[in-house]
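Here is the structure we will look at.
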Amino acid sequence: MDRVAVLGAGSWGTAFAKVLADSGTDVVLWARRSDVADAITAGRVNDDYLPGVALPPNLTATSDARKALAGAGAVVLAVPSQTLRENLSGWRPWLPAGATLVSLAKGVELGTLKRMSEVVREVAGVPEDQVAVVSGPNLAKEIAAEQPTATVIACTDHDRAVELQHACSNSYFRPYTNVDVVGCELGGACKNVIALACGMAAGMGFGDNTMASIITRGLAETARLGAALGADPLTFAGLAGLGDLVATCASPLSRNRSFGERLGLGDSPAQAQEAAHGQVAEGVKSCSSIRELAARVGVDMPITDGVHQVCHEGLDPRVLTTALLGRERKAERQ
Ligand SMILES: NC(=O)C1=CN([C@@H]2O[C@H](COP(=O)(O)OP(=O)(O)OC[C@H]3O[C@@H](n4cnc5c(N)ncnc54)[C@H](O)[C@@H]3O)[C@@H](O)[C@H]2O)C=CC1
Ligand SMILES: O=C(CO)COP(=O)(O)O
């Protein structure tokens with residue numbers, strides 16, 4: 001694969017474009033704002049999202065999506081989940097035939113309850129095996145600083161996953177392949193919600209036992225949903241499951257954890273949103289779609305349900321804590 005288009009020049013889009021370029025792949029990065037594209041082209045930096053990070057010369061930028069897409073062997077979609085449908089609809093006429101469409105987004109669409117790869121298939125009108133997802137413990141700022149990281153590239157077409165794996169392997173980024181797209185996407189979307197809960201716990205002053213309990217029970221409810229939707233249970237023990245969950249729930253760099261922490265400290269969701277300075281905390285919206293998806297398939301997700309109530313129904317995180325601890329006693333694997 002000679003050239004890749006990355007659409008979305010936020011934190012992860014820019015960091016992933018750098019990963020590709022550092023792996024020897026030529027990249028054209030699309031930025032919504034022309035001043036961001038110009039700054040990348042002229043100054044080799046994206047100061048809005050990754051200040052101080054030098055971008056390699058084989059990474060160029062444009063605010064013209066048509067130009068970015070021309071001749072691309074793969075198209076990486078790096079916009080927030082709830083905007084993917086609208087953005088991709090606009091790009092559809094210029095998608096190169098046969099190109100692998102790769103989603104970086106970690107969320108479930110409100111209303112349709114679709115995973116991102118399902119949205120991509122529907123909007124682009126491509127078969128399942130032409131769509132890949134990247135998911136794992138991938139905090140953009142650490143990767144931009146070239147700290148060693150592993151990830152998963154999931155695609156039902158193993159050969160396509162391998163092709164993409166070659167395009168983004170380098171001395172600090174190690175991608176594994178997986179054919180379980182459902183499990184990898186659910187792991188990525190659900191961990192944002194569990195990170196909100198961990199943030200709330202931190203904000204309320206709780207320590208490591210509480211964090212470990214939320215992480216582990218969060219993984220249990222994610223795996224239950226995965227089992228109901230046909231995921232491979234082992235995926236949740238891997239990088240896109242436990243790996244991403246631990247990184248996001250523990251890191252002060254996580255937007256979801258930080259958002260939750262503000263709620264735990266007593267901020268309202270509106271105040272926490274304001275403090276996020278326009279950066280996306282995907283779990284705030286996906287807690288509602290995941291909760292609905294779980295209800296549709298009859299799966300109990302008490303932490304996700306509670307996070308939804310705090311974010312959208314005015315529940316106090318302290319009341320949520322009491323409610324979770326007061327649930328009916330049960331066996332661990334029930
Ligand atoms: N930042 C991170 O460390 C990681 C993020 N992700 C996922 O990648 C996806 C993108 O996240 P980030 O790059 O971090 O987000 P971000 O908030 O840093 O950037 C979003 C980008 O999308 C663009 N965009 C296009 N249409 C938009 C619209 N209608 N509304 C808002 N922004 C729009 C923005 O201009 C911006 O360039 C999310 O689903 C996130 O969960 C996944 C792994 C790591
Ligand atoms: O997905 C991520 C790390 O893998 C980034 O998490 P946040 O969106 O919470 O910053």
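Values quoted throughout were computed directly from the atomic coordinates according to the rules given, and no laboratory measurement underlies them. Here the structure is a predicted model, which is why all the values come from computation and not from measurement. Cβ placement follows ideal geometry from the backbone for every residue including glycine, while neighbour counts extend to all protein chains displayed.
Among Val182, Val108, Val75, Val246, which comes first, then next, by fewest other beta-carbon atoms within 10 Å?
Ranking Val182, Val108, Val75, Val246 by Cβ neighbours within 10 Å, fewest first, gives Val246, Val182, Val75, Val108.
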Worksheet, complete the sentence: Rounded to 0.05, the calculated FRET efficiency for the beta carbons of Ser213 and Glu146 at R₀ = 35 Å is 0.55
Worksheet entry | Gyration tensor (alpha-carbon) shape descriptor, region 50-201, a/c threshold 1.5 | rounded
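What relative contact order, as a whole-number percentage, does region 182-325 give when Cα pairs under 8 Å and 6 or more residues apart are counted?
34 percent
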Worksheet entry | Total formal charge among the other residues, if their Cβ is under 9 angstrom from that of Tyr172, Lys/Arg +1 and Asp/Glu -1 | -1
Worksheet item: Hey, with R₀ at 35 Å, roughly what FRET efficiency would Ala42 and Ala275 work out to, going by the Cβ-Cβ distance, to 0.05?
Response: 0.65
Practice prompt. Could you check which residue among Gln165, Gln147, Gln273 shows the biggest mean-square fluctuation in a GNM of the chain with a 10 Å Cα cutoff?
Written response: Gln147
Fill in: Rounded to 5, percent antiparallel among DSSP beta bridges of the chain
20 percent
Discussion item. What is the angle, in °, between the Cα long axis of helix 283-296 and the longest principal axis of the Cα atoms in the chain? Nearest 10 is fine, range 0 to 90.
Written reply: 70 degrees
Item to complete: Find how much the distance from Glu86 to Thr112 grows on full extension, using 0.36 nm per residue of separation minus their present alpha carbon separation; answer in nm with one decimal.
Response: 8.0 nm
Discussion item. For the chain, take the longest principal axis of its alpha carbons; what is the angle in degrees between that and the long axis of helix 81-91, to the nearest 10 within 0 to 90?
Written reply: 20 degrees
Worksheet entry | FRET efficiency for Phe206 and Ser63, using Cβ-Cβ distance with R0 set to 30 Å, rounded to 0.05 | 0.10
Discussion item. Please compute the contact order of the chain in relative form: average sequence separation of alpha-carbon pairs under 8 Å and at least six residues apart, divided by the residue count, as a percent.
Written reply: 15 percent
Worksheet entry | region 106-167 versus region 279-323: alpha-carbon centroid distance in Å | 24 Å
Item to complete: Treat the count of other C-beta atoms within 10 Å as a stand-in for reagent exposure and order Cys198, Cys249 from fewest to most.
Response: Cys249, Cys198
Worksheet, complete the sentence: Place a point 7 Å from the Cα of Tyr172 in the direction of its beta carbon; the residues of region 122-152 whose amide N falls under 19 Å from it are 135-152
Worksheet item: Taking 0.36 nm per residue of separation and subtracting the Cα-Cα distance, what length does fully extending Ala54 through Leu315 add?
Response: 89.6 nm
Item to complete: Sort by residue number and name the cysteines in the chain that have no neighbouring cysteine Cβ under 4.7 Å.
Response: Cys155, Cys168, Cys184, Cys190, Cys287, Cys311
Item to complete: For the chain, find the longest principal axis of its Cα atoms and tell me its angle to the long axis of helix 34-43, 0 to 90°, nearest 10.
Response: 60 degrees
Worksheet entry | DSSP beta bridge pairing in region 1-135, given as percent antiparallel to the nearest 5 | 10 percent
Fill in: Full-stretch length increase - Asp159, Lys330 - with 0.36 nm per residue and alpha-carbon distance subtracted
57.2 nm
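Given region 116-250, what percent of its DSSP beta bridges are antiparallel, to the nearest 5?
Of the beta bridges lying entirely in region 116-250, close to 40 percent run antiparallel.
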